[in-house]
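K.L.:
Would you mind keeping the following structure in view while I ask a few things?
Read-outs: derived from the displayed coordinates by stated rules, not from any lab. Keep in mind that this is a model prediction, so the values were computed, not measured. When we count neighbours, we look across all protein chains shown, and the Cβ atoms used for this are built from the backbone with ideal geometry, even at glycine.
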Amino acid sequence: MKTKLLLLFCCYAILQNNIFCKNINFAEALKSATIKSSIKGNDMSTHYLEPIIISISNLGKDALEIAINTGDYFIPKETEKQNIIVTQTEIIALKAGESKSIKIKGMCTEPADASGDASTVYTYKAIDNEKMKALSAFIAKNNYQSAAAQQAMWCLVDNRDLNAIIAADSSEQNNLKRFMAALTGRTFTITTDDYQTNYYMPPKERVGGKFEYSFNKAQDIQIAMFNSNGILVRELFNQKKVPSGTHQFTFEYDSSVYTDDTYYFKLIADNDVMVNQKWEAKTMRDGFKKNIEDKY
């Protein structure tokens, strides 16, 4: 009898939790004042992986499930920082009185503005740009949380050549190009000898280096170069499920194509920036030219 009563009590408790758990999207939660939240940039990410951290508290007496939806939009208070569109829905479950901080996947929609950081404060804004929403949904559906998907978003908002979409995975690259062609009505051509539109085209003027990194489980590893505003310039290395251990990752780029005086090179492991190295590119280019001159 005690066992039956205990089982009945457990079922009743589960039923009660289900009854009183409210499902609500983030915009509705903000309007209803059932939550307290702050939205800031993520120092440990790039502007195309998990650029937003939402800290959120449930102020009510009922459990909540709050949806941050694909296509939601976040605007920084500093106008020189990038707007971010969400590219994967995140459901945040909160008990009454509970608080959590959640990293949100998204993409920059303002390629001329600087990347956000931990001091950047954002506010939520609804948008009615159906093409941006459609691209965000495509990214989410295919799990293209990547530099190539960021380039696709910039092609949409900045009317760039679709050949700017390049990826280590040719299937991802071609799927993004085909989707963008259908979405925008624009066309693209397959090129093989252009460094800026061919991920695997060897550099003419090779400049680069290496990172050494140790980890205790398999991780996805990328190395990408960014300008002085933290904006993606080019992905240089991408390998999935690198086994645990100590590894040396070599990277290089064409200094005759990318000619800024300063770049930042970031080693990214499972969406987190593990190394952020500043490079004085002018010094490296001068060294390259001297080596060429010394040969003659």
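K.L.:
Given C-alpha coordinates of region 134-234, what is the ratio Rg to Rh with the Kirkwood estimate of Rh? Mind dumping the intermediate values first?
P.N.:
Values: Rg = 14.9 Å, Rh = 15.1 Å.
Reported Rg/Rh, Kirkwood definition of Rh: 0.99.
K.L.:
Which lysines have a Cα lying under 27 Å from the Cα of LYS22, excluding residues fewer than 8 positions away in the same chain?
P.N.:
Excluding near neighbours in sequence, the set is LYS31, LYS36, LYS40, LYS61, LYS95, LYS100, LYS103, LYS105, LYS125, LYS133, LYS141.
K.L.:
Ranked highest first by average number of other Cβ atoms within 10 Å, how do 44-50, 226-232, 147-153, 107-113 line up? Don't jump to the answer; show the numbers that get you there.
P.N.:
Details: 44-50: 23.9, 226-232: 17.3, 147-153: 25.7, 107-113: 20.7.
Put in order of decreasing packing, that is 147-153, 44-50, 107-113, 226-232.
K.L.:
At a Cα cut-off below 13 Å, give the aspartates and glutamates reachable from LYS217, other chains included and same-chain residues fewer than 8 away excluded.
P.N.:
Hits, sequence-local ones excluded: ASP270.
K.L.:
Treating the angle as unsigned and between 0 and 90°, give the value, to the nearest 10°, between the Cα long axis of helix 281-295 and the longest Cα principal axis of the chain.
P.N.:
30 degrees
K.L.:
Same structure again: Kindly provide the helix-only [θ] at 222 nm of the chain, computed as the sum of -39,500 (n - 2.57) over DSSP H runs of four or more divided by all residues, to the nearest 500 deg cm²/dmol? Could you put the intermediate results ahead of the total?
P.N.:
On the way: 6 runs with 81 residues, N = 296.
-9000 deg cm²/dmol, from helical runs alone.
K.L.:
Follow-up. What whole-number value in cubic angstrom gives the convex hull volume per residue for the C-alpha atoms of region 202-295? Intermediate results must be reported in sequence, preceding the final value.
P.N.:
Details: hull volume 9.3 nm³, N = 94.
Hull volume over Cα atoms, normalised by residue count, gives 99 Å³.
K.L.:
Just the Cα atoms of region 73-222: what Rg and Dmax do they give in Å?
P.N.:
For region 73-222, the Cα radius of gyration and maximum Cα-Cα distance read 17.8, 60 Å.
K.L.:
Over the chain, what is the mean sequence separation of C-alpha contacts under 8 Å (at least six apart), divided by residue count, expressed as relative contact order in percent? Don't jump to the answer; show the numbers that get you there.
P.N.:
On the way: 598 pairs, mean separation 39.6, N = 296.
Normalised by residue count, the contact order of the chain is 13 percent.
K.L.:
Could you please rank VAL233, VAL275, VAL207, placing first whichever residue has the fewest other Cβ atoms within 10 Å of its Cβ? Can you show the working numbers first?
P.N.:
Details: VAL233 17, VAL275 14, VAL207 20.
Listing VAL233, VAL275, VAL207 from fewest to most nearby Cβ atoms yields VAL275, VAL233, VAL207.
K.L.:
Comparing LEU162, LEU176, LEU30, which has the greatest mean-square fluctuation in the GNM of the chain with Cα pairs linked when under 10 Å apart?
P.N.:
Evaluated over the chain, the most mobile residue of the options is LEU30.
K.L.:
If you wrap a convex hull around the C-alpha atoms of the chain and split its volume per residue, what is the figure in Å³?
P.N.:
Values: hull volume 49.8 nm³, N = 296.
In the chain, the Cα convex hull volume per residue is 168 Å³.
K.L.:
Within region 40-81, which residues have the backbone N less than 18 Å from the label spot 7 Å out from ALA134 along Cα→beta-carbon, could you tell me?
P.N.:
Only 70-72 pass the distance filter.
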